[in-house]
1. Can you tell me which residue among 38, 18, 34, 64 is surrounded by 16 or more Cβ atoms within 10 Å (Cβ to Cβ), touching a residue at least 24 places away in the same chain (Cβ under 8 Å) and closer than 26 Å to residue 138 by Cβ?
2. With the structure loaded, tell me whether residue 50 is touching a Pro at 6+ places or on another chain (Cβ under 6 Å) and modelled with pLDDT of 90 or more or whether it fails that test.
3. Could you say whether any residue in segment 110-133 is among the aromatic types (Phe, Trp, Tyr), farther than 22 Å from residue 31 by Cβ and surrounded by 12 or more Cβ atoms within 10 Å (Cβ to Cβ)?
4. Pairs under 9 Å by beta carbon, first residue closer than 19 Å to residue 39 by Cα in segment 148-175, partner at pLDDT below 95 and surrounded by 12 or more Cβ atoms within 10 Å (Cβ to Cβ), six or more apart or different chains?
5. Exactly one condition in (1) of a type in the set (A, V, I, L, M, F, W, C); (2) over 13 Å from residue 79 (Cβ atoms); (3) in contact with a Pro (Cβ under 9 Å, 6 or more places away or on another chain); (4) part of a strand (DSSP E or B) is false for residue 143; which is it?
6. For segment 51-79, how many residues are more than 19 Å from residue 30 (Cα to Cα) and touching a helix residue (DSSP H, G or I) at 6+ places or on another chain (Cβ under 7 Å)?
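The values are calculated or read from the model by the stated rules, or taken from the named source; none is laboratory data. Only a predicted model underlies this, so the values are computations on that prediction, with no experimental measurement involved. A quick note on method: Cβ atoms are made from the backbone with ideal geometry, for glycine too, and the neighbour counts reach across all protein chains shown.
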Amino acid sequence: MSGVVPARRTADRPRVQFVHGLEGSPQGAKARLFAAHFEACTPPMDTADFDACVSLQAEVLRDFMPDVLVASSFGGAVAVELLRRGAWRGPTLLLAQAAVRRDPGVRLPSEVLVWLVHGRDDALIDVEDSRVLASTGDPEWVCLFEVDDDHALHATVKNGRLLGIVRELLACVSP
């Protein structure tokens, strides 16, 4: 795989793989935020081809070996598909996920740590979609954070809460 050179893993620079949404990119606000604070990898995707996105992210997961997978909107649908296929079983953070929009019958696998963050003022994907998805997972493994924010989670990024949630999730799995 080109472009991903795993660095030596350190406790202060955990690895974050970010799966962007339809309007996101490796140069987007969330991707830049993760790159500034973590050893981050945000592969660019052709979001017109869902299966190609899933395949690309699975390849990056194998090569980059992240500590956590973070996915936003359309990227959330990709991440849930990776979980469903067993390509990833690690801690996952879904931001305003669109998995339920893509497949209303989708379910989270058992015994996988999945946290969701969704804005109550999301005008694109209703927060109810994340409530539904969260209810399909094991209650002791799944956590939903409802925040006063929009679809892009602008305020949650700006006020540092998103970074805090990523760090909390990492702390749950750190030795």
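1. 18
2. Here the answer is no, as residue 50 does not meet what is asked.
3. Checking segment 110-133: not a single residue is among the aromatic types (Phe, Trp, Tyr), farther than 22 Å from residue 31 by Cβ and surrounded by 12 or more Cβ atoms within 10 Å (Cβ to Cβ).
4. Taking only residues 6 or more apart or on different chains, the pairs are 157/29.
5. (3)
6. Within segment 51-79, residues that are more than 19 Å from residue 30 (Cα to Cα) and touching a helix residue (DSSP H, G or I) at 6+ places or on another chain (Cβ under 7 Å) number 2.
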